[in-house]
Amino acid sequence: MAEHADHPAYPVGLRLSGRRVVVLGGGQVAQRRLPALIAAGADVTLISPSATPSVEAMAEAGEITWTRRRYEEGDLADAWYALVATTDPAANAAVSAEAERTRTWCVRSDDAEAATAWTPATGASEGVTVAVLTGHDPRRSAAVRDAIVEGLRDGSLAAPARRSRTPFVALVGGGPGDPDLITVRGRRLLAEADVVIADRLGPRDLLSELPPHVEVIDAAKIPYGRFMAQEAINNALIEHAKQGRSVVRLKGGDPFVFGRGMEEAQALAAEGIACTVVPGISSSISVPGAAGIPVTHRGVAHEFTVVSGHVAPDDPRSLVDWASLAKLTGTLVILMGVDKIGKIAEALIAHGKSPDTPLALVQEGTTATQRRVDATLATVAATVAAEDVRPPAVIVIGEVVNEGPDKPLS
């Protein structure tokens, strides 16, 4: 390749399904490259005396064939493509020479100039594969790749499809509040929506990024009339979907964690309307984490339980077994329980939980106004009143509250 160094590479997409590909070396380079070859359907043979645990797991799963030895002349027989990634310069040169003789496209991880092919920085979004080559600057290739893929995913890079897209309904979990914590898929669907029905606890900052034609509906302000709030939201989803519009129901946290997402999915299904569910990061684990609280910790808590606190323990509608929860030694996470925390603490203490059990309330977690207030079961009611703690807040009960990054390892 040295005499052709001034000429640009000719980009091409290799269709390797069912075709023999040989990978020499089972180290970190192979570990990074093998998944894409496997996804392409290639018949991969790995030739290496050793391999990383991840590569070995691919062989054990039958995704690749592993020949446990060093390279030998003739190993590229019938191969369409070869990846050379050993730490032996002499072996790498020998493989390259064989590839040249057999007209096998060959990538060299140690010497790009000696290779007959280069691996581009690649990414994918909704059926589009992005491949970037910048010659001898792989970091720039990766940066350009990332910028293009991110733009396609979040809708900031306009690339309309040739065919008109099919309208959809999606129940999207927006995460705990920070707009950066919505999933990539959730953000992309938002960018493709005609209508967004948003919760108060969803990542509201994302709504300002939507194109002007998108109709944004505040779920809290939908006229209820003869319907209850949830029924009115269900009807709004159905109405817009039947008009052939792409609809996103943007919810805080995860749609199925106290989010009534299944009620909405069932209402749509009853009308013959399919929907996509996009999971979100639940505030039950993300908000404590953002406040420096692990919901589990070695030697402290081997389990955590998440319950809704919107109904008090003495309310006949309560479905929570507070007596059993009081006996658990792990972490208890309570959502929607700020105004009921006094009665919840009383119930836990009455069923045997120590009054000195530590507790933390994290208000508006992951946002710029996040704050953490610590207390115990015995003091929490007075602390909430004194500190004016208001919803939304996640309550964490248990010894993990006393853990943190600044505490030395035990």
Counting only DSSP beta bridges with both partners in the chain, the antiparallel fraction in percent, to the nearest 5, comes to 35
I need the phi-derived Karplus couplings for segment 322-331: 6.51 cos²θ - 1.76 cosθ + 1.60, θ = phi - 60°, integer Hz, Gly and Pro marked x. 5, 5, 5, 4, 5, 8, 5, 9, x, 9
From phi via Karplus (6.51, -1.76, 1.60), per-residue ³J(HN,Hα) for segment 43-49 in Hz, x at Gly/Pro: 8, 8, 10, 9, 10, 5, x
Where nothing but the Cβ of Lys and Arg (+1) and of Asp and Glu (-1) is charged, how large is the charge dipole of segment 299-342 around its Cα centre, in debye to the nearest 20? 40
Under a point-charge model restricted to the Cβ atoms of Lys and Arg (+1) and Asp and Glu (-1), what is the dipole moment magnitude of the chain relative to its Cα centre, in debye to the nearest 20? 700
So, R0 is 35 Å and r is the distance between the beta-carbons of THR369 and ALA57; what FRET efficiency does that work out to, to 0.05? 0.20
Sequence-distant residues sharing a close amide H with SER125 (under 5 Å, placed H): VAL130
Only Lys, Arg, Asp and Glu count, each charged at its Cβ (+1, +1, -1, -1), so figure out the dipole size of segment 10-129 about its Cα centre, rounded to 20 debye. 160
Would you mind telling me the share, in percent, of accessible area of the chain contributed by carbon and sulfur at probe 1.4 angstrom? 53
Determine the calculated [θ] at 222 nm for the chain from helices alone, applying -39500 (n - 2.57) to every DSSP H run no shorter than 4 residues and normalising by the residue count; nearest 500 deg cm²/dmol. -8500 deg cm²/dmol
On C-alpha positions alone, give me the angle between the axis of helix 229-242 and the longest principal axis of the chain, in degrees, nearest 10. 40
Interchain or long-range residues, amide H under 5 Å from ALA170's placed H: VAL247, VAL248, ARG249, THR276
Mean-square fluctuation maximum in Gaussian network of the chain, Cα pairs under 10 Å, restricted to THR369, THR119, THR129, hits THR369
For LYS340, list the aspartates and glutamates whose Cα falls under 18 Å from its own Cα; do not include residues on the same chain fewer than 8 positions away. ASP314, ASP315, ASP321, GLU364, ASP374, GLU387, ASP388
May I ask for the distance between the Cα centers of segment 215-246 and segment 268-325, given as a whole number of Å? 26
Cα-based helix-to-principal-axis angle, 341-350 vs the chain, degrees rounded to 10: 90
Highest mean first, how do 282-290, 108-116 rank when packing is the count of other Cβ atoms within 10 Å averaged over residues? 282-290, 108-116
What is segment 338-405 by shape, rounded, prolate or oblate, if you read a ≥ b ≥ c off the alpha carbon gyration tensor as root eigenvalues and call it rounded for a/c under 1.5, prolate for a/b larger than b/c, and oblate otherwise? oblate
Using a/c under 1.5 as the rounded threshold, could you call segment 273-403 rounded, prolate or oblate? The axes a ≥ b ≥ c are square roots of the C-alpha gyration tensor eigenvalues, and prolate needs a/b larger than b/c, oblate otherwise. rounded
Under a 5 Å amide H to amide H cut-off, with H placed in plane at 1.01 Å, what residues pair with LEU377 once short-range neighbours are removed? THR357
The chain, accessible area per residue, ligands and nucleic acids excluded (1.4 Å, Å²): 54
Residue-by-residue Karplus 3J(HN,Hα) for segment 205-217, coefficients 6.51, -1.76, 1.60, Hz, glycine and proline x: 4, 5, 5, 5, 8, 6, x, x, 6, 6, 8, 9, 10
Give the peptides 94-100, 316-322 in descending order of average Cβ contacts within 10 Å, highest first. 94-100, 316-322
Could you tell me what percent of the DSSP beta bridges with both partners in segment 253-410 are antiparallel, to the nearest 5? 75
Rounded, prolate or oblate (a/c below 1.5 giving rounded, otherwise prolate when a/b exceeds b/c) for segment 1-135 by Cα gyration tensor: oblate
Residue list for segment 15-52, given a label point 7 angstrom along the Cα-to-Cβ vector of THR87 and an amide N cut-off under 13 Å: 25-29, 49-52
Protection proxy ranking of 24-34, 303-313 - average other beta-carbon atoms within 10 Å, highest first: 24-34, 303-313
Measuring from the longest principal axis of the C-alpha atoms of the chain, the long axis of helix 138-154 (C-alpha) lies at a number of degrees, nearest 10, equal to 40
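The values are calculated or read from the model by the stated rules, or taken from the named source; none is laboratory data. Every value quoted in this text rests on a predicted model; they were computed, and no experiment measured them. Neighbour counts run over all protein chains shown; Cβ positions are idealised from the backbone, glycine included. Only protein heavy atoms, including side chains, enter the accessible area calculation; ligands, DNA and RNA are left aside. Shrake-Rupley method; radii C 1.70, N 1.55, O 1.52, S 1.80 Å.
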